Structure formats: structure tokens, C-alpha cells
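Let me begin by presenting the structure, written as C-alpha cells, before commenting on it.
The values are calculated or read from the model by the stated rules, or taken from the named source; none is laboratory data. Here the structure is a predicted model, which is why all the values come from computation and not from measurement. Heads up, the Cβs are rebuilt from the backbone with ideal geometry, glycines too, and the neighbour counts pull from every protein chain shown. Just so you know, the surface numbers come from the protein's heavy atoms only, side chains and all, with ligands and any DNA or RNA stripped out. Shrake-Rupley method; radii C 1.70, N 1.55, O 1.52, S 1.80 Å.
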Protein chains: 2
Amino acid sequence: MKAEIIAVGTEILLGDILNTNAQYLALQLAELGIDVHYQTVVGDNPQRLENTIFHAFSRANIIITTGGLGPTEDDLTKETGAKYFEEELVLDERALKRMESYFYKTGRTMTENNRKQAFVPKNGKVLYNDNGTAPGIIIEKNNKILIMLPGPPKETVPMFEQQVKPYLAQKQEYTFISRVLRIAGVGESIMETMVKDLIDSQTNPTIAPYAKDSESILRITAKAKSEQEAEKMIAPVAEEIYRRFGHDVYGEGETNMQTVVAELLIQKQKTIATAESCTGGAIASALVEYPGISSVFLDGCVTYSNASKQKRLDVKAETLQKYGAVSPETAKEMAEGAAKTAGTHIGLATTGIAGPDGGTEQKPVGLVYIGLTIDGVTQTKECHFVGNREKIRTRAVYTALDWLRRELLK
Amino acid sequence: MKAEIIAVGTEILLGDILNTNAQYLALQLAELGIDVHYQTVVGDNPQRLENTIFHAFSRANIIITTGGLGPTEDDLTKETGAKYFEEELVLDERALKRMESYFYKTGRTMTENNRKQAFVPKNGKVLYNDNGTAPGIIIEKNNKILIMLPGPPKETVPMFEQQVKPYLAQKQEYTFISRVLRIAGVGESIMETMVKDLIDSQTNPTIAPYAKDSESILRITAKAKSEQEAEKMIAPVAEEIYRRFGHDVYGEGETNMQTVVAELLIQKQKTIATAESCTGGAIASALVEYPGISSVFLDGCVTYSNASKQKRLDVKAETLQKYGAVSPETAKEMAEGAAKTAGTHIGLATTGIAGPDGGTEQKPVGLVYIGLTIDGVTQTKECHFVGNREKIRTRAVYTALDWLRRELLK
């Protein structure tokens, strides 16, 4: 099956909104094993919208549109779709009732215009909308399928997930299941080299490597007749990757480093305090994203000045003078000071030069020391990060959390 | 002039990459006053790429492509463009030299493949690339213009900005100049109401309101024969908006709240310490984004536990017991304690319930108290934020910084 994705809306065409729906739908269709050949964006212009839909159907048998289902006169996707299939629009009582109740719940007044949204093509399948007013519609006729979804991603995504995906999956003989392994501390090209033989020798499951921010990702995708069968095919490949990468694989699927670390801290009941200089509170802030972190995260210090390092963390004046604020000695005392003054098992500290100024030949921009003390044992790590101020800070946060994770797993 | 934007690349078509170039180019073309009628995404498929470019030229006279200029056999944008204009590809010595020096500088080895990138259409204008290996190309012939840009945004954006924009501006009789006013503390719909008469009565300059994250934005755009003339037309409108919104307008153009606050602190030479509970270090981290902040930002505490509020900030046990950690009394003592223990002019504190758990009827999720002390005078503010944990924390950071900004302006 060949598909095309069409976004309808002047606000996307003119760049006021980023077309995230197209990316979402493209990924979903790939997972279902449906080929996408084109994506198009067209404005709320009747003739150009009609040309786009008719032209797309000359090349593809599935078209998914987003947007243009609203209550105004500009919203013409449904009318154009109905025209292509020579369908008339009729009032759907259930859609109208749902819309009335949606307006009532959100305390807004329904206008006469909104009634337009409850009109649907006579032989269309109505996709009721739990997150907005416009129902979606599927029309299937003469071996062509038109799936019209509303534009706001908070409506598009759940409607696709719950109603369109099962519909399309059922048309596909095969299902495509993916498992995503997240790898820390290994660059993309090294990761690729480490699994090149697996990538080259496999066609089902496939292994796709990619990089995102500070991490490398491996996506294993199997094509099978059932979800269960696909998972069974993926298992030995995932196992082999775990064997090769060990604790470099820090998590699977929709997660991130701070979540994994927060979960480990809570599971091991280890309390933590942070002491940050160059990261400026970003490690604390990342951990605090996790609801329930308060049982283990007790205290953080952003000791930006030397005076504050001495006062808050008992870093010795002598250490600062002799080795400087950016030194393993200071990182060590910061970590120990954080744990001691807060009375926690763990102290995690950063001190470095995020730039763009402040670097010297001995201590260049990008130099960051991490201090980590766990139950009285302290270590320090020297890192050299490349990039601008934001990148250096982000990588320092990631690296500090990743190091803590590895130590917690020991 | 009618334009179309075409992104070439299977990685965008399949959703592995978000098509941010299309949004960027659409906004740029709108500013130049060039109409965009369609955006298309097509994969690295020779026939479909050719169909797309030829079809687009049947409707438009300017086409901008991104991607497909790489060294591999899959990269065919240049070849297809040359075919449309019946141009042969010839080696551009300067492009080759620049490429060789780029490889040398980045310490990589240039392969034979890369030479392909230095071949350009005979009558094309070469856009040399400072940020990558592929030069861009403009072909202008028979009243049609094809502008081919590389795919990675870090190459596309500067190339457009520096080389394509002046080229297109020169074709336009009129220039379009915008001024963006950023407004804090006023919701989008109230803002719209406050300027509705201006929007309705003006066609040049136009006023476009929109909302982004916690702020509201007004974009004033004038069409004129020169930049100077456009700016002169915008000035009285901007003045009127400043008159209506006063200090609600916190900045103009490419800036953000933390930058404006950091600049004000430095300008007024006021030192600051932060004391954060629910925001968990995010205020400190936002301020630390600003290079040079170390002259005024001395210290931050993330006092997540009650013990840490007492120890770090001298919050009284009695206060915590009597009013609770989330109370104006605690916020006040946190702000004062931060300033006092760090020896700063300013103390800024947050304490609240970010959820999803921990809310009660008296103190629901979203309740946040902000404490602010400046030169010995302390105030507190009660806020009720709506949304998930992330949203509540983000809005608390924004509101705290905005409040500090307003007080610094007094």
C-alpha cells in the first residue's frame, strides 16, 4: 500500500506552526509497513486543496490529511474529500451530541458554525474525538482510502493511535514491532562499528542506529504476523546487543537518563545532594522532573562563587587557592561537602568552564570535573566537552548522571 | 512571485527527522513578501524527485529545495535541477578548494565521492558553504528560479540568511521588515482584545498576535521600498503598543526572559541568590545560561527537604510546622535566608506543589508561592498554575523571573 500525508492549513504553509503531525504519521506508517512516497502541505485554498487531494490519489491508495476540519468557511478538507468520492454530507447525531457535551464540559458556548463539524460523508466511518470538537473521518471506496484527521497534535495523535492504527493494521498482513535501546557513553560511529555485522547480516529484524543529543540509539524492528511473534524475533537480537554493550545500554523505549537515575536512587533508597557550579542547577532540575523524587533528593547547591563553595560546602580556601575552582580537588571537596552538609549517602558535584570566556591554555573551555561520593568513597572524573556553552552544560549534566547510574549498578 | 518548498530526503519522508527547514524557509519567504503555495517532501528516489520538481515548476516560478546535495549516489537534487534547465554539470575549482580545506580543518579525510559535490550546473550561481561540504546553487533561467540548499539546518539557515535572502530581496520591489514584541503576564486572548482596534484598522504595517509557551507575542510587519522606510512605519505602532502594555513588553526580537533579567542584574549591579523548592534549580540554571552571569549570580540552593530549608536558609522550624513548606511565610523566609546567607542584594525563592501528587483541597497541585527580597524589602506572591508537572515548573520559573524583572525596573 502506498500512502501520502497531506497537511492542510495556511498556518503550517506560512511557517507559523511546525508540521510535527507529518513526522508522527510518517513514523507510524513506517511501523505499520506502509510506504509513504510524498508529504505535502497546502493552505486553506479550495482549488489548491482539491488539486492536491486529486493529484495524490492519482499516485497513492491511502491518503491521510490533517487539519481543515474546523468550523469556519475556510475549513474544507471534508467537503473536498466528499467531492472526490462523490459522497454527500449528512448530519451525524452522535457527533453532534458529543460536540455539545464537549462544549458543556469545557464551559464554552457552541455556535451555529460548530454544527458544520457534525456533518460527515454518508458512507464515511466517523472517528469520534475525545480531545476536541472535530470528528475525524475515514472514507474507503474503489480501493482508495482517505483518512481525515483534525490538525492539533493533541487531537491527531490519540485519534490515530486509538482508531486509525488498528484499522490500518488490520489491512496489513504483517505487523511491525520495534524495540528501542538507549546507549550512553558510546559515540554513534563506534556504536555502528560495534553492531555493523548484525546490521549487515539481518533483514528481519532490522537494526537501525541513530544519534540524538548525547546518546546513541538502536532500534530493532521485526516484521511478523503477530506482535508476539515479532517480540520473539527481537529478543535474541536485543540480548546480543546487551551482551556487547553491557551497562552502556541505560534504558529502553520512552525514557531518559534522569528518569533511569531517579528510579535507581529510589529503588536502592540512596539519598542524594548535588553541588553544581558550571551546570548551575541543571542536574538538580533534571532529577526534580521525576515525581516522587523528594524521598531521595534532599538538597542541592548551586555554588557559583568561591565564597559560596566555602560557605555551603566547606570547600577549603586553601584548595581553591592552590588548585583553583575548576580542579579535581575542588570537585572532590564539593561532592563530599554536599553529602556531609545535607546528610545524604551520595554527593554529586560539577565544576568546569562552560565558556565562551574564561578558558586558558591549561584549563580550556569545555573542561569539566565531576566529583561523586557514595557512602564515603569519593572519585573524580575529568571531561573535555566540545561545543557552545549550552552544549557543554547539557553534556556535563548527562555525563554526571550517567556516571552515577553506572556506580549505582555496581 | 509564487514559490514552493521541497525537502528531499528519505529520512524526512519516513519521519526520522523533523522538517524544520520548511518552517524556517516559509517564515523567511513570508517576510520577503513571496507567496508560498505548497510544501512537499520527497525521498531520495530519482523518478519521484524529478516528477516533484517538474510538477512544482508547472505551478510556481521559484522553487527552494533542501537536501540531496550530498556525496552519495542517492543525492540527486543537483542532477535533477540541471536536467530541468538542460544544464551540464562542470567542476567548480573554488568549491573543490573550499571543500578540501574544510576536510583539512575538521581533521577528516576527503573521499573521491566528495568531488561530486564540487560539480555545479554551468550557468548556476554557486553558494559557498561555510558550515559543511556541499555548496548550494541558484539557477535562474526563462523566468524560473531554482535554489538548491543543503539539508542540515546548520548549513541551510546561514546559507539562506547570508546569500539567498539578499538575492531574493533584490528581486522584490518591496521589502518586508518585522519587529517582534514579547509580552509577559498577559494572556493571548486579552492581548488580542487590547490591540484589536489596531489590528483591524491597519493593513501596512500589519500586526499579528501569537502565543508561545508562557508568553504572548506581537509581530509588526511593514512593507516598504526600503528597510529604513519600513522601520519608520513600524515605529509609531510599536510606540502605541508600548504605551498600552508598558512593562508587560519585556523584550524585542530574539531574546528570552532569563536573558533580559540577567542583563538587568548586571546593568544594575545587583547580586542575587536563589532558593528553590518546586522549581528544583531551574531558575538558577536559566540564569546560568547567560555568559558572564557570575558577576551577579553568586549562589543557589535547591532546598527540597524541610531539613535543608532550615539548614541552608535558616527557615524557622516553627514556620514550617505552623504554615507548612508551601506557604507565603516559608517563601518569605527562604528568599530572605538566601540573600542573607549568600550576602546578596536579592533573594528569589519558590515553594509549591508541582504534582501530580501531593495536592490537598487547601493546597492544590499548581499552587506556588514566590518570595522576593531586594535590598532588605521582602514580598511574596501566590500563583495558581494549570498543567502537568513540567508545565507548572516552567511557568513558576518564568513568573518568578518576570516578577524580579518588573521590580528591577521600578
With the label point 7 Å along the Cα-to-beta-carbon line of B:Glu239 and a cut-off under 17 Å to each amide N, the hits in region B:394-410 are none
Region A:155-309, relative contact order [Cα under 8 Å, separation at least 6], % | 20 percent
Regression test value, accessible area per residue of the protein assembly as shown, probe 1.4 Å, units Å², expected 44 Å²
Any lysines with Cα under 27 Å of the A:Lys97 Cα? List them, leaving off those in the same chain fewer than 8 positions away.
-> A:Lys78, A:Lys83, A:Lys105, A:Lys116, A:Lys122, A:Lys125, A:Lys154, A:Lys165
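Output the antiparallel fraction of DSSP beta bridges having both residues in chain B, as a percent to the nearest 5.
60 percent
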List the distances, in nm to one decimal, from the label point of A:Arg94 to the label points of the same position in every other copy, shortest first, placing each label point 7 Å from Cα along the Cα-to-Cβ direction.
-> 6.7
May I ask you to list the residues of region B:228-244 whose amide nitrogen lies under 16 Å from a point 7 Å from Cα along the Cα→beta-carbon direction of B:Leu409?
-> B:238-244
In deg cm²/dmol and to the nearest 500, what is the mean residue ellipticity at 222 nm of chain B if only DSSP H runs of at least 4 residues count, each as -39500 (n - 2.57), divided by the residue total?
-> -12500 deg cm²/dmol
When each copy gets a label point 7 Å from Cα toward the beta-carbon at B:Arg108, what are the spacings between them in nm, shortest first?
-> 4.8
Pull out a ≥ b ≥ c, the square roots of the eigenvalues of the alpha-carbon gyration tensor of region A:1-55, then state rounded if a/c is under 1.5, prolate if not and a/b is larger than b/c, and oblate in the remaining case.
-> oblate
List the lysines whose alpha-carbon lies under 22 Å from that of A:Lys322, not counting same-chain residues fewer than 8 positions away?
-> A:Lys309, A:Lys311, A:Lys332, A:Lys363, A:Lys381
So, with a 1.4 angstrom probe, what is the percent of accessible area on region B:218-305 that is carbon and sulfur?
-> 45 percent
Loop-located trypsin sites (Lys or Arg not before Pro) in region A:256-345 whose Cβ has at most 12 other Cβ within 10 Å (DSSP) | none
Are there GluC sites (Glu not before Pro) in region A:208-293 that DSSP puts in a loop and that have at most 10 other Cβ atoms within 10 Å, and which ones?
-> A:Glu254
Taking square-rooted eigenvalues a ≥ b ≥ c of the alpha carbon gyration tensor, is region A:157-229 rounded, prolate or oblate, where a/c under 1.5 means rounded and, failing that, a/b exceeding b/c means prolate?
-> oblate
Taking square-rooted eigenvalues a ≥ b ≥ c of the alpha carbon gyration tensor, is region A:296-410 rounded, prolate or oblate, where a/c under 1.5 means rounded and, failing that, a/b exceeding b/c means prolate?
-> oblate
Point-to-point label distance, A:Val186-B:Asp35, nm (Cα→Cβ direction, 7 Å offset) | 5.4 nm
Any residues in region A:8-29 that have 40 Å² or more less accessible area with all protein chains than in their chain alone, probe 1.4 Å, and which are they?
-> A:Leu13, A:Leu14, A:Gly15, A:Leu18, A:Gln23
Shortest first and in nm with one decimal, please list how far the B:Lys165 label point sits from its counterparts in the other copies (point 7 Å along Cα→Cβ).
-> 4.0
Counting other Cβ atoms within 10 Å of each Cβ, which GluC sites (Glu not before Pro) in region A:70-122 have at most 15 and sit in a DSSP loop?
-> A:Glu73, A:Glu86, A:Glu88
Tell me, what is the percent relative contact order of region A:279-410, built from C-alpha pairs under 8 Å that lie six or more residues apart?
-> 20 percent
Among the residues of chain A, which one places its Cβ closest to the rotation axis that maps chain A onto chain B, and what is that distance in whole Å?
-> A:Gly281, 2
